[in-house]
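The values are calculated or read from the model by the stated rules, or taken from the named source; none is laboratory data. The shown structure was predicted, so the numbers you read here are calculated from the model rather than taken from an experiment. Note: ideal-geometry Cβ built from the backbone for every residue, glycine included; neighbour counts use all protein chains shown.
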């Protein structure tokens, strides 16, 4: 039967399912496991982790006790300066498991993912006014939004046929329909768009090599080119502002580290991070490269300069530690502050329902 990604057995003959953001029960026949009857509402709201299929915050015991949690807590976009001091907030806090995904090139808009009523959609936030607007409303998963350099278009993925993420493009003002950009049998997720508009970087989940980093040409035959395709995990790719380099993370050393290499012809590869690195970000003028240290969320910076065909990168320096678990972040255009997705409230309490019985029993 249909569900939104999480379920639990409620003995002897019911199953709990998360549907449309609520918790429901439905009877089934234990002999042939066929469902029967209508869905019965158990709780108006239940938490389902949109990043892990099948993970829901509810469970049931054979005695009929049901436990569940409604929310993982509110998240808020917060500005920090280079010392870690809070400067202000953008927009309102919400409990939609918000993820900050990408900045427009002019720094005026942010694309985020929110999970509301069991639907993962792309939202756009006006950085100056703090207003937010839903960009997608398709059933299923929409995510991975990336702005074009001119800010007029957004590439993202949608959960298409056969439950495979396919890459589409749509006008940033929300008008028109989504245009298919690249279709394949493998899941994919955009991470950046080159300044000249010619390439989209994306992670690709291949059967033989796992997660790889590829670049999709938006002209010609649109056949992806390899940026990082190895038996290890590559991803989180970001173009340098001039489009001649790509920064990305790979765990080929045994832990995630940040590397930079030339683009589109691979070469000149060098490791940037020391002691682990993930989520690289460039300053808009290309003179700084930022990243986080895995686990500790220490925000690091490395000065960058170009000497001929070589990129000179200084030793990384510590700026400050980002709060709350594993937050997402983006630097401002000049690198004097950082917008961070921060958890600002505790998860909702765990609710307990004792001796649940279906109506009529």
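Of note:
- Subset of the stretch 170-202 that is outside any loop (DSSP other than H, G, I, E, B) and more than 17 Å from the chain's Cα centre (by Cα) - its residue that is farthest from residue 213 (Cα to Cα): 171
- So residue 136, is it surrounded by fewer than 16 Cβ atoms within 10 Å (Cβ to Cβ) and either within 24 Å of residue 108 (Cα to Cα) or at pLDDT 95 or above (or both): no
- Any chance residue 121 is surrounded by 15 or more Cβ atoms within 10 Å (Cβ to Cβ), within 22 Å of residue 338 (Cα to Cα) and in contact with a strand residue (DSSP E or B) (Cβ under 6 Å, 6 or more places away or on another chain): no
- A single member of 334, 324 is free of Cβ contacts under 8 Å to residues at least 40 places away in the same chain and not in a strand (DSSP E or B), and it is 324.
- Any hit, the stretch 267-279, residues being within 19 Å of residue 194 (Cα to Cα) and surrounded by 18 or more Cβ atoms within 10 Å (Cβ to Cβ): yes
- Candidates 59, 111, 63: the one that is outside the structural domain of residue 235 (by TED's automatic domain parsing), part of a strand (DSSP E or B) and on the phi < 0 side of the Ramachandran plot is 59.
- Flag if residue 127 is over 19 Å from residue 324 (Cβ atoms), surrounded by fewer than 19 Cβ atoms within 10 Å (Cβ to Cβ), touching a residue at least 60 places away in the same chain (Cβ under 8 Å) and touching a strand residue (DSSP E or B) at 6+ places or on another chain (Cβ under 9 Å): no
- For the stretch 174-182, the condition of being touching a residue at least 40 places away in the same chain (Cβ under 8 Å) and within 17 Å of residue 50 (Cβ to Cβ) holds for none of the residues.
- Members of the stretch 219-240 found to be touching a residue at least 12 places away in the same chain (Cβ under 8 Å), surrounded by fewer than 17 Cβ atoms within 10 Å (Cβ to Cβ) and touching a strand residue (DSSP E or B) at 6+ places or on another chain (Cβ under 9 Å), listed by number: 222, 225, 226, 230, 231, 232
- Inside the stretch 2-46, residues that are on the phi > 0 side of the Ramachandran plot and either without any contact (Cβ under 8 Å) to a residue 24 or more places away in the chain or surrounded by fewer than 17 Cβ atoms within 10 Å (Cβ to Cβ) (or both) make up a count of 3.
- Checking each residue in the stretch 130-163 for being over 23 Å from residue 96 (Cα atoms) and not in a strand (DSSP E or B) picks out 148, 149, 150, 151, 152, 161, 162.
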